[in-house]
Amino acid sequence: MKILKIILSLLILSNTSCQKGAKEIVKEGSEYIGKRTTKQVLSESSEKMVGKELLKKTIKKAGFYPSGGASLKTIEISPNKWIPEFNNLGENALKYSQEINAKILIERRKSISPYMQFPTIDNLKNLSSKDLILGESASGTILEKNMIKSMSPEVSNIVNAFGGKAAHHIVEGTDPLAKQSRAILKKFSIDINSPVNGIFLPTDKNSIFKGTLHKTGHTREYSQYVYNQIKYSKNKDELIGALYKIKSELYNGKISLEGRLHSINKNDINI
């Protein structure tokens, strides 16, 4: 009866419909248990092994996959190298149906919050400049490292494990059109690679991260928009507030980086 109870529990937990109905799967489990009782040929260890195999088959039939925050759980496979606990990334996607891959992407993207794509004000308050790489030329790699250092370990592990993101400078580092904006950052002692000036944006439609896709260069309109938002800042706090407003707009896909090529990752994924 223990195996039957486990099967029933899995079917209740599963968020997907089965090709065979729940009654049919339970029936198969019952038939297996009935045969074992009648023949009584399995040892205790053999029974456990068969039970595990039946459990695996039931999970496969039910289309079981983690939901909510559990879909973002990670495991460390080597120092500073993390992968998803439920790993269907890259070639591992071939182990699952397209439907399961799409549904797990939905679960993950729904579970992503703004603080997983840019550090909060509280994160920054607890951060020392000694922990950051500052004073260098604009670099996506340096910005990413600084942002990860400013986030909680749990969030940084998610960023590490899933990929599919680019560290985007709100005020661009080299574009001539952003020269005035860079001067404002300098005026209030904000480094170009400071986490204050960064957000992780998705790089493709398969990314778990939300917001405006970051694929190529930025338009003149984007550079001008950023300047218009920050040019009236009277102090550092006002400037930080303006930068965070822009981050929120990018996270919600309200700002285009590429004009007519503007594309957004949302929760409502078509499957």
(request) Specify the residue that is surrounded by the fewest Cβ atoms within 10 Å (Cβ to Cβ); the eligible residues are those in segment 90-118 that are in a loop (DSSP other than H, G, I, E, B) and modelled with pLDDT of 95 or more. (result) 113
(request) Tell me which residues, restricted to segment 206-246, are among the basic types (Lys, Arg) and at pLDDT 95 or above. (result) 210, 231, 234, 236, 245
(request) Can you give me the ranges of the helices (runs of 4 or more DSSP H) entirely in segment 157-271 with at least 3 residues that are closer than 16 Å to residue 114 by Cβ and hydroxyl-bearing (Ser, Thr, Tyr)? (result) 236-251
(request) Spot the failing condition for residue 235; the list is (1) surrounded by fewer than 13 Cβ atoms within 10 Å (Cβ to Cβ); (2) more than 22 Å from residue 121 (Cα to Cα); (3) touching a residue at least 40 places away in the same chain (Cβ under 8 Å), and only one is missed. (result) (2)
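The values are calculated or read from the model by the stated rules, or taken from the named source; none is laboratory data. Keep in mind it's a predicted model, so treat the numbers as computed, not measured. Because the Cβ atoms are built from the backbone with ideal geometry, glycine has one as well, and the counts that use them run over all protein chains shown.
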